[in-house]
Amino acid sequence: MRLVPDDDPLDGMRVRLEQDEALLGYEPQEGFADRCWVLHTIHEGVVRLRWNAVLARAGRRLEDWEYTPSWRVFDGIGLADDADGPSGGEIDRECLVRLVGLLARHSPDGLAAECYWAQAAIHEAGRPVTVWRGRLGEAPAFHDTACSEEGSAAAHFPAQWWPLDRSWYVLTDWDLSATEVFGSPDLVAALLVDDELDAVRHPGIAEVLNDEGRDARWRSR
C-alpha cells in the first residue's frame, strides 16, 4: 500500500469523502444496482454465531430492528463471559478475508484489482482524508498493520474502499458493527448465500435518517 497525496482528487471521490455528512464514512446513494450488509462476527469461545441466533434468545429478530446494524442491537441480551464481538467501526479480519475473496471473483483483475482505501474523516476532522492505493489482495496484511498502529491515523482499517473502475464499494461507518457492500446483483447475491458470512438486507444509513424515503425491498432476503 502507498499513501496518496492529499491533493489527489481520487477521480472526484475526495470531495465526497470530505463533506460534513461523510464524517463517519461515505455511503453512496446512486451508481450501484444492489447492496447488502455483512454483519461483523460474534464469537462465543470458538463458536461463530449469526446475529439472529443471538437475538432469538430474547425473542428478537434483526428484521424488526429499525436502525442500522450496530452493537446496540444486543442491548439487554446476556452473552457468555467468553463472548467477543461484533467489532465496531471496522470489519473484523475473518469477515474481511472472506469478503475480499468474493469481491475478487466479481472484479475483472481479481486480487490484483487496484483500489483506493480511505479513512473516515472523523480521524482528523477538517484535514484531508488519509487515502492509500494498493491491490485488493493486500487487504488482510493492511488490516494487520492498521491494528498494530493504535493511536495513529491508521488505528482503524479504512472506512471505505473501492476499485478504480468503481464496480463495487465497501463502507464501514465509524459507529456501526457491520459493513455495507454496494455492487452488482450477482455480487450481492453471492454475499447473501455465502455460508461463511452473515450477510443480510437491511435499511441503509440514509434510509434510517430519512425514514419516509425507506425502500422496503432492501429488507427482504
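The values are calculated or read from the model by the stated rules, or taken from the named source; none is laboratory data. Quick caveat, the model's predicted, so the values are computed rather than measured. No Cβ is skipped: glycine too gets one built from the backbone with ideal geometry, and neighbour counts run over all protein chains shown. We work out accessible area using only protein heavy atoms, side chains counted, and drop any ligands, DNA or RNA first. Shrake-Rupley method; radii C 1.70, N 1.55, O 1.52, S 1.80 Å.
Considering ARG60, ARG127, ARG98, the condition of being assigned to a helix (DSSP H, G or I) and either charged (D, E, K, R) or open to solvent by 80 Å² or more (accessible area, probe 1.4 Å) (or both) is satisfied by ARG98 alone.
Going residue by residue through region 208-221, is there one that turns out to be at pLDDT 90 or above and aliphatic (A, V, I, L, M)? The answer is no, given that none of the residues of region 208-221 is at pLDDT 90 or above and aliphatic (A, V, I, L, M). Of all positions in region 80-95, none carries a residue that is under 17 Å from ALA206 (Cα atoms), open to solvent by 40 Å² or more (accessible area, probe 1.4 Å) and either at pLDDT below 95 or touching an Asp or Glu at 6+ places or on another chain (Cβ under 8 Å) (or both).
Taking (1) outside any loop (DSSP other than H, G, I, E, B); (2) of a type outside the set (Asp, Glu); (3) within 19 Å of THR68 (Cβ to Cβ) in turn, GLN29 satisfies each apart from (1).
Identify, please: which residue in region 1-33 is basic (Lys, Arg) and over 22 Å from LEU209 (Cα atoms) and is, among those, surrounded by the fewest Cβ atoms within 10 Å (Cβ to Cβ)? Taking the candidates together, the pick is ARG2.
Restricting region 101-117 to residues that are touching a helix residue (DSSP H, G or I) at 6+ places or on another chain (Cβ under 9 Å) and part of a loop (DSSP other than H, G, I, E, B) leaves a set whose member that is surrounded by the fewest Cβ atoms within 10 Å (Cβ to Cβ) is ASP109. Can you spot a residue in region 34-52 that is out of contact with any Gly (no Cβ under 7 Å at 6 or more places or on another chain), part of a helix (DSSP H, G or I) and open to solvent by 90 Å² or more (accessible area, probe 1.4 Å)? Scanning region 34-52, I find no residue that is out of contact with any Gly (no Cβ under 7 Å at 6 or more places or on another chain), part of a helix (DSSP H, G or I) and open to solvent by 90 Å² or more (accessible area, probe 1.4 Å), so the answer is no.
The set of residues in region 42-75 being touching a residue at least 24 places away in the same chain (Cβ under 8 Å) and either farther than 17 Å from SER177 by Cα or among the polar types (S, T, N, Q) (or both) consists of GLY45, THR68, SER70.
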